[in-house]
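Scroll down for the structure; my scribbles are underneath it.
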Amino acid sequence: SPGLGQWVTVTLMVVITIFLLSRVYQYAGSRNQYPVGLTIGGVDISGMTREQASEIIANRYIEAPVVISHQKNSFDLPPSRAEFKLDLTTMLSEADFQRTQQDFWAGFWGYLWGRPVEVAPIALDATYSQTALTDFLIEISSLTDEPAQPPQPVPRTLTFQYGTSGTKTNIE
């Protein structure tokens, strides 16, 4: 008949096996999500699925306006106005490659010890129209530029009133 030591050993082995199997199941489920620390164009997509990452990147770059500050004024530039286009497919494909590049068991070992997969940030891949952006900046300059004013004589006092320097937007 088995002794106390054998029962403890078998019980401990069963508990460890169940623990490891549950962790393998958790890790396998987490491989559908992007690894911790992965960024696309400066946007952290850690733990997200492809659809979630696509939505948050589009929200950050396509739906949110760019605020241009000029002197004391600020202007909202919708990305569509500058014909801004993201190459989301390419960026997400690079993210998928980084997600799947690590061996399953090596990744599982890192998962057990709390060591995330090392990933490189993915650069923003987008285009915009320089002429559309220049046209928008010309509109801003037409609203905000002020011509210089020369000094003006004050006839009663025989003095001059100071002129103003004015402003001109540097479009480039």
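Read the figures in this text as sums done on the coordinates, not as results from a lab. Bear in mind that the values here come from a model prediction, so they are computed numbers and not experimental data. Positions of Cβ are generated from backbone atoms using ideal geometry, with glycine treated the same way; all protein chains shown enter the neighbour counts.
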Distance between region 94-112 and region 48-64 - C-alpha centres, whole angstrom: 23 Å
Segments 42-49, 4-11 sorted - mean Cβ within 10 Å per residue, highest first: 42-49, 4-11
FRET efficiency, 1/(1 + (r/R0)^6) with R0 35 Å, evaluated for D135 and Q101 via beta carbons: 0.25
Largest-first principal axis extents, alpha carbons of region 30-172, Å: 91, 30, 20
Relative contact order (percent, whole number), region 35-172, Cα cutoff 8 Å, 6+ residue spacing: 24 percent
Calculated [θ] (222 nm, deg cm²/dmol) that DSSP helices of n ≥ 4 give over the chain, each run adding -39,500 (n - 2.57): -14000 deg cm²/dmol
Debye intensity ratio I(q)/I(0), log10, region 124-172, q values 0.23, 0.28 Å⁻¹ (C-alpha model): -0.85, -0.99
R0 of 35 Å, Cβ-Cβ distance E94-I68: FRET efficiency to nearest 0.05: 0.70
The chain: DSSP helices with Cα axial extent of at least 30 Å and average Kyte-Doolittle hydropathy no lower than 0.5: 4-30
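Working out 0.36 nm times the residue gap between T9 and E55, then minus their Cα-Cα distance, what length gain in nm do you get to one decimal? Numbers along the way, then the final one.
Values: separation 46, 0.36 × 46 = 16.56 nm, distance 5.02 nm.
Difference between extended and current length: 11.5 nm.
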C-alpha center-to-center spacing [region 141-172, region 1-35] in angstrom: 80 Å
